[in-house]
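Take a look at the structure below.
Each value in this text was obtained by applying a stated rule to the coordinates, not by laboratory testing. The structure displayed is predicted, hence computed values, not measured ones. A quick note on method: Cβ atoms are made from the backbone with ideal geometry, for glycine too, and the neighbour counts reach across all protein chains shown.
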Amino acid sequence: MADQMTSLERVATAMQFKEADRVPAAPLVCGASHRFSGLTYADWSRGTDIDAMVKGHVDALDMIGHDGVVLLIDLSVEAHAFGCEINFPEMGTAHPNYDKPFIGSHKEYTKVKRIDPRKTLRTKSVIELAAGLSKEIGKTHAIVGFVYGSIGVLSMLRGPEAFFMDLMEHPNEVMAAVEVVDEVLMDYTKAQLEAGVHAICYDHLYGSQSILSKPLWEKFEGQSVKKIADYVHKAGALFGFHNCGNGIYFDMSMKYGKPHFISHAYVADDVDSWEENKKKWGKSTTTIGWIPPGPVAMLGTPEEIEEECKAEIEIYAKGGGFILATGCEYGPNAPLRNAKRIVEAAKKYGVYK
Amino acid sequence: MVTKEKEQELIKRLQDAVINYRVDDARKTAEEAIKAGADAYTMTMSGLAGGMEVVSQKFDSHEYFVPETLLCAKALYAALDLLKPHIKARDEGARGQVVLGVMQGDVHDLGKNLIKAIFESAGWTVHDLGRDVPLQKFVDEQLKTDSDIVMLSAMMTTSMVGIKKLIPMIKEKNPKVKIMIGGAPITEKTVEEYGADVTADNAPNALREAMRMLEALRKGRAA
């Protein structure tokens, strides 16, 4: 059956816990869109050719047919703006040079100074990309801005291992830096909203059983989330989270962010199955997920992909509040045909009667 | 020579230092043990490894998370670095050897470092190649050390694909070597697809799987 709604209408309807014409599909084709842009992955990640990046996303939408774009380039964008040295591998994801961390010891958290994300390196690129996409597809497709959370950014600046120990051994030094990062992330959020995004996705990667205990996460990032979430809500935009960790703290996410959506790969820490996740959280927030990017989206056969999508739709689609997606970013090197298969499965199995 | 009581006391203090991530206590107790003439191997295996076993249980039951476990490992290494030079060579069911590293193009080495700490505390010899390791280096290190297991970590689909290429390179040189793979995008399906032997979703499980594979390897050699 032909689609009856625009992508934007479909996503907005699902997020109001209503049934759209069909289940929206958004397989998080972020870095993978570079393959439509004429840029190498490294040049895409450098973010210097905004026109090509806009074209890459628009052509990806045209070819794959997904319902929205997420403005994730990679998780080092914010750290780069603070002064972190970044490596740009030709065929891999950009990342900090951990041999030369920006914060070399717990005494160096004071090196983290307020910067202007509108004028700095790749945060500027993301804002310009938001503006370009808003002009091209803002009336038809969901555009989701992206912010890596405060402690995520600091872990990039310090190196994750040392950072996690600092949380317990030098909490005051870390907390002082969190406050500086929060101010910058707030400016960054405002700039993306002004550029025309419909939603902000805050990545609180460490807010799950995979990394930090609940009290430790709450202590260091709870207020950071609240400040940004409150601003986004007040601005009339949508706010949500991405977290691909295991056992996400949905209760903390609700307490501090009141998210319209959570993009996730695994169930919340207080349930044991997706059915239970739907029952407990399905009326409070929209789930965006949870196709495994590696084994299914990248390595799956057409039949396996279809089967996975069908099963997820059967569990979660009823009553809206669900967007079919990968649980984490679609592999920048994964077969693009598989992303299209995900959209096709939403059209085949996700039509609301 | 220390008395049995003193030895038990030192073991308990080393365990507590690791479990409660007290670096200074671990270091001081190791120094005292060496000075008292306690057997360094017993101190390491019963004290440090015993403590780390409790840490693994706490990690499994979500009482401890990554920061706590890293601090336990820090306490462990503070004592292990002092005890190691005093451990006399012995052949009493020595554990195996592993080559460990993060795949080329990937710098996420947190999981790899936790695995290293848990394996070393359990008496394994770990040849740690670090992060962003070129494929050939895994092959060369396995041949050089004749390690029983090669453990490959990848946190991204872009680095994961290197595993598919690497496994035949390792197996071609040594078909008996076992390959364990791990990291966020890796599942049983990846194991099957890439021809690995096993995966594990955390460090304690990795140790359990390694023990099982080592036992199978040794039975095979004895047969």
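I'm checking my understanding of the structure. Among residues of the range B:1-51 that are of a type in the set (A, V, I, L, M) and not in a helix (DSSP H, G or I), which one is nearest to B:Phe65 (Cα to Cα)?
B:Ala38
List the helices (runs of 4 or more DSSP H) that sit entirely inside the range A:267-353 and contain at least 2 residues that are within 14 Å of another protein chain (Cβ to nearest Cβ) and not hydroxyl-bearing (Ser, Thr, Tyr).
The helices (runs of 4 or more DSSP H) meeting that bar are A:302-316, A:336-349.
Restricting attention to the range B:176-215, and to residues there that are acidic (Asp, Glu) and part of a helix (DSSP H, G or I), which single residue is farthest from B:Gly51 (Cα to Cα)?
B:Glu193
Quick check on the range B:216-223. Is at least one of its residues closer than 17 Å to B:Met156 by Cβ and in a helix (DSSP H, G or I)? Please lay out each step first, then the result.
As a first pass, look at the range B:216-223 and keep what is closer than 17 Å to B:Met156 by Cβ: none.
Looking through the range B:216-223, none of the residues is closer than 17 Å to B:Met156 by Cβ and in a helix (DSSP H, G or I).
Does any residue in the range A:200-212 that is surrounded by fewer than 24 Cβ atoms within 10 Å (Cβ to Cβ) come within less than 9 Å, Cβ to Cβ, of a residue that is charged (D, E, K, R) six or more places away or on a different chain, and which pairs are these?
Sorted first by the residue in the range A:200-212, then by its partner, the pairs are A:Gln209/A:Asp269.
Exactly one of (1) closer than 30 Å to A:Asn243 by Cβ; (2) within 14 Å of chain A (Cβ to nearest Cβ) is unmet by B:Gly195. Its number?
Every listed condition holds for B:Gly195 apart from (1).
Go through the residues of the range B:80-91 one by one and say whether even a single one is outside any strand (DSSP E or B), under 27 Å from A:Pro171 (Cβ atoms) and within 14 Å of chain A (Cβ to nearest Cβ).
Within the range B:80-91, not a single residue is outside any strand (DSSP E or B), under 27 Å from A:Pro171 (Cβ atoms) and within 14 Å of chain A (Cβ to nearest Cβ).
Evaluate the following for A:Phe164: is it within 14 Å of chain B (Cβ to nearest Cβ) and surrounded by 23 or more Cβ atoms within 10 Å (Cβ to Cβ)?
Spelling it out, A:Phe164 is indeed within 14 Å of chain B (Cβ to nearest Cβ) and surrounded by 23 or more Cβ atoms within 10 Å (Cβ to Cβ).
Go through the range A:56-72 and give me each residue that's over 13 Å from A:Gly132 (Cα atoms) and of a type in the set (Gly, Ala, Ser).
Answer for the range A:56-72, where residues must be over 13 Å from A:Gly132 (Cα atoms) and of a type in the set (Gly, Ala, Ser): A:Ala60, A:Gly65, A:Gly68.
Got at least one residue in the range A:61-83 being in contact with a Pro (Cβ under 9 Å, 6 or more places away or on another chain), of a type in the set (A, V, I, L, M) and surrounded by fewer than 18 Cβ atoms within 10 Å (Cβ to Cβ)?
Checking the range A:61-83: not a single residue is in contact with a Pro (Cβ under 9 Å, 6 or more places away or on another chain), of a type in the set (A, V, I, L, M) and surrounded by fewer than 18 Cβ atoms within 10 Å (Cβ to Cβ).
In the range B:96-175, which helices (runs of 4 or more DSSP H) lie fully inside it and hold 2 or more residues that are closer than 22 Å to A:Glu329 by Cβ and within 14 Å of another protein chain (Cβ to nearest Cβ)?
Filter on the range B:96-175 gives B:110-121, B:157-173.
Quick one: which helices (runs of 4 or more DSSP H) sit completely within the range A:1-93 and have at least 3 residues that are small (Gly, Ala, Ser) and touching a Ser or Thr at 6+ places or on another chain (Cβ under 9 Å)?
Qualifying helices (runs of 4 or more DSSP H): A:50-64.
So the check is Cβ under 7 Å with 6+ separation or different chains; which pairs have a first residue in the range B:124-139 that's within 23 Å of B:Leu48 (Cα to Cα) and a second one that's of a type in the set (Ser, Thr, Tyr)?
Listed pairs, sorted by first residue: B:His127/B:Thr145; B:His127/B:Ser147.
Can you confirm whether B:Phe65 is aromatic (Phe, Trp, Tyr) and surrounded by fewer than 24 Cβ atoms within 10 Å (Cβ to Cβ)?
So B:Phe65 passes the test.
Look through the range A:44-53, keep the residues that are in contact (Cβ under 8 Å) with a residue 24 or more places away in the chain and more than 18 Å from the chain's Cα centre (by Cα), and return whichever of them is surrounded by the fewest Cβ atoms within 10 Å (Cβ to Cβ).
Looking at residues that are in contact (Cβ under 8 Å) with a residue 24 or more places away in the chain and more than 18 Å from the chain's Cα centre (by Cα), I get A:Asp51.
Select from the range A:202-236 the residues that are of a type in the set (Gly, Ala, Ser) and within 23 Å of A:Asn246 (Cα to Cα) and write down the one among them that is nearest to the other protein chains (Cβ to nearest Cβ).
So the residue we want is A:Ser213.
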